[in-house]
Amino acid sequence: MKCPKYHLSDYIGDFSYLATTLRQMPADPNNTDKNAEKIEPMPSLADIKRVLTEHCILPLGSQAAHEKAPHIKSVMITGPRGTGKKSLVHAICTETGANLFNLTPSNVAGKFPGKAGLNMLLHMVFKVR
């Protein structure tokens, strides 16, 4: 699938300094136990861009970063409708020069029936490198 040309720099957002502070605090300020349950606020767009850059783009673009970064095989991007998940995927593909395979059920339903069809589909996808 030919991806639209999106770049991570197209996403404008600032860090949520309040969220960073809340992540460092225990749920109960009077409780000094470090193992206490922590409040986990929603990440800001800048947090998401940083994580995607560190785990998806840099390891594929730089041999040194690939050797030092943790080996990430997959990334799951979730969220409500209309929040830019697909655009982030297109941005990752644009930045890395990767191919995008749209394997959504609506796209492949009925085209590869049975176990042999599934094996053929996976073989075709993994053959393209």
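The values are calculated or read from the model by the stated rules, or taken from the named source; none is laboratory data. The shown structure was predicted, so the numbers you read here are calculated from the model rather than taken from an experiment. Quick reminder, even Gly has a Cβ in these numbers, built from the backbone with ideal geometry, and neighbours come from all protein chains shown. Note: areas computed on protein heavy atoms with side chains; ligands, DNA, RNA excluded. Shrake-Rupley method; radii C 1.70, N 1.55, O 1.52, S 1.80 Å.
In table form, for the structure just shown:
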quantity	calculated
Residue check, Met124 in contact with a Phe, Trp or Tyr (Cβ under 8 Å, 6 or more places away or on another chain) and part of a helix (DSSP H, G or I)	no
Helices (runs of 4 or more DSSP H) within segment 45-89 that include 1 or more residues β-branched (Val, Ile, Thr) and under 11 Å from the mean Cα position of the chain (by Cα)	45-52
Single residue of Glu54, Glu37 found to be modelled with pLDDT of 80 or more, farther than 14 Å from Thr94 by Cα and surrounded by 10 or more Cβ atoms within 10 Å (Cβ to Cβ)	Glu54
Test result for Asn107, within 21 Å of Pro4 (Cα to Cα), assigned to a helix (DSSP H, G or I) and at pLDDT below 85	yes
Set Lys115, Lys73, Lys85: member being at pLDDT below 80, closer than 24 Å to Phe126 by Cα and charged (D, E, K, R)	Lys73
Close pairs from segment 93-121: first more than 22 Å from Leu60 (Cα to Cα), partner hydroxyl-bearing (Ser, Thr, Tyr) and open to solvent by less than 90 Å² (accessible area, probe 1.4 Å), Cβ under 8 Å, at least 6 apart	none
Hey, Lys115 among the basic types (Lys, Arg), within 30 Å of Ser9 (Cα to Cα) and either in a helix (DSSP H, G or I) or in contact with an Asp or Glu (Cβ under 6 Å, 6 or more places away or on another chain) (or both) or not	no
